[in-house]
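Participant: Quick one: structure below, then a few questions.
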Amino acid sequence: MSLVTGVVLRSYGPGEPLRAEELELAAGPGETVVEMQLAAVTPADRSVLAGKQPTQPFVPGSEGAGVVVRSAIHEAGMPVVIRGEGVGVSRPGLWGRYAVVPDAAVHALPNGLDPAVALALLTPALTAHTAVRRVAGVLDGETVVVTGITSLLGRLCAAVARSAGAKKVIGLAWSGETVESAVVDQVVRVDQLGQVGRELAWCDAAIDTVGGPVTSGVLGHITPGGRIAVLGYKAGEFTTIDLHQLIGRDLRLLPVNLQRTVLEPGAVSQALADTASAQVRPDVDLLPADRVGDALGRTGAERRILLDLTAF
């Protein structure tokens with residue numbers, strides 16, 4: 001058994017301030033010791049702190065980045081992202097100078113990707129990965145259309161589609177929106193009523209991030225045997241489905257539900273590697289760990305909140 005001592009943030013129940021305490025952590029078989037650098041403040045963390053923690057006291061933190069210290073399977077000194085396997089939810093989390101986590105929760109950080117960017121993009125990158133690779137099953141040489149291409153998720157879906165081997169990526173954008181030319185091969189406009197431009201080419205697969213009337217418009221441009229993965233409804237929760245099209249062209253309308261999706265081994269590293277080419281710099285607020293109270297108080301903030309764990 002491997003032991004390491006460091007300061008952690010521990011919760012003593014809902015409404016109680018987190019306490020910084022020095023704690024001895026023990027790593028057993030199948031576990032990796034990580035020197036933590038950053039941790040995200042996630043909805044899962046807020047849920048745990050609201051009363052769903054399995055024990056008291058409890059160390060929160062379900063997503064983080066750091067460097068491997070000791071492990072039977074991961075190389076010491078390797079930059080990693082930690083997520084999954086119950087970390088910070090059903091077992092102690094990452095808000096500390098060191099963390100002991102299951103080997104399977106440790107994922108290699110792609111070369112050249114900043115840890116803060118990786119953490120900030122982790123959730124949308126996994127969403128894009130699941131939609132494009134697992135649900136839509138984009139294949140080499142296919143033509144793919146992505147709706148809502150100016151959004152963060154739309155751009156990441158386009159990046160994953162390219163990484164999966166798509167021959168052509170078409171982006172749908174609202175009239176008047178500016179689209180970076182490097183993101184897609186072609187831009188097709190959608191008017192304020194959600195009507196899709198007729199110049200939209202036939203495509204093998206579609207990734208729909210907006211829903212509403214756009215969904216039905218895109219369905220009319222999918223080749224026989226094609227599919228559309230739906231993961232958003234910003235443009236409306238309801239759409240019209242032409243059953244003649246759906247049945248006659250043997251189309252598949254596929255929902256993307258991450259809560260019911262079990263990530264396969266390597267999915268986190270693959271998702272980050274796929275989306276690194278998008279060169280997105282998300283909005284991030286980096287706070288020192290002793291300001292965790294401020295971080296938790298920023299409910300509804302659009303910017304991703306990260307804790308700097310190096311100052312413990």
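Read the figures in this text as sums done on the coordinates, not as results from a lab. Computed from a prediction, not measured in an experiment: that's the story for all the values here. Glycine also receives a Cβ, built like all others from the backbone with ideal geometry; neighbour counts cover every protein chain displayed.
Participant: Could you tell me what percent of the DSSP beta bridges with both partners in the chain are antiparallel, to the nearest 5?
Facilitator: 55 percent
Participant: State which helices in the chain qualify, where a helix is a whole DSSP H run, it must extend 24 Å or more along its own axis by its Cα atoms, and its mean Kyte-Doolittle hydropathy must be at least -0.5.
Facilitator: None pass (Cα extent of 24 Å or more, hydropathy at least -0.5).
Participant: Per-residue counts of other Cβ atoms within 10 Å, averaged by peptide: what ranking do you get for 267-277, 52-62, highest first?
Facilitator: Values: 267-277: 21.8, 52-62: 19.1.
So the peptides 267-277, 52-62, ranked by packing, come out 267-277, 52-62.
Participant: Another question about this same structure. Once each part is reduced to its C-alpha centroid, what is the distance from the stretch 87-118 to the stretch 235-312 in angstrom?
Facilitator: Comparing the Cα centres of the stretch 87-118 and the stretch 235-312, I get a distance of 17 Å.
Participant: Also, I was wondering about something else. Using only DSSP helix segments of four residues or longer, with each worth -39500 (n - 2.57), what per-residue ellipticity at 222 nm results for the chain after dividing by its residue count and rounding to 500? Show your work: numbers first, answer last.
Facilitator: Details: 7 runs with 61 residues, N = 312.
Mean residue ellipticity at 222 nm (helix-derived): -5500 deg cm²/dmol.
Participant: Could I ask something else about it? Using the number of other C-beta atoms within 10 angstrom as an exposure proxy, rank His221, His74, His129 with the fewest first.
Facilitator: Least crowded to most crowded, the residues run His74, His221, His129.
Participant: Give, in nm to one decimal, the length gained when the segment between Thr178 and Tyr12 is fully stretched (0.36 nm per residue of separation minus the Cα-Cα distance).
Facilitator: 54.9 nm
Participant: Let me ask something additional. Shape of the stretch 124-260 from its Cα gyration tensor (a ≥ b ≥ c, root eigenvalues): rounded if a/c is under 1.5, otherwise prolate when a/b > b/c, or oblate?
Facilitator: Rounded shape, in that the Cα axes give a/c under 1.5.
Participant: Place a label point 7 angstrom from the Cα of Asn111 along the Cα-to-Cβ direction, then list the residues of the stretch 60-87 whose backbone nitrogen is under 14 Å away.
Facilitator: Residues 79 fall inside that zone.
Participant: Which label belongs to the value computed from this structure, given these candidates for semi-axes √(5λ) of the Cα gyration tensor in Å: [x] 34, 24, 22; [y] 25, 23, 20; [z] 40, 19, 17?
Facilitator: [z]
Participant: Could you line up Trp202, Trp95 from fewest to most neighbouring Cβ atoms inside 10 Å? Provide the component values of the computation, followed by the final result.
Facilitator: Values: Trp202 12, Trp95 28.
Least crowded to most crowded, the residues run Trp202, Trp95.
Participant: May I pose another question? Once amide H atoms are built 1.01 Å from N in the peptide plane, which residues 5 or more positions from Cys203, or in another chain, come under 5 Å H to H?
Facilitator: Ile222, Thr223
Participant: Also, I was wondering about something else. Would you mind counting up the charge near Gly211? Only other residues with Cβ under 12 Å from its Cβ, with Lys and Arg at +1 and Asp and Glu at -1.
Facilitator: -1
Participant: Okay, next question. With label points built 7 Å along Cα→Cβ from the Cα atoms of Ile241 and Arg91, find their separation and express it in nm.
Facilitator: 4.0 nm
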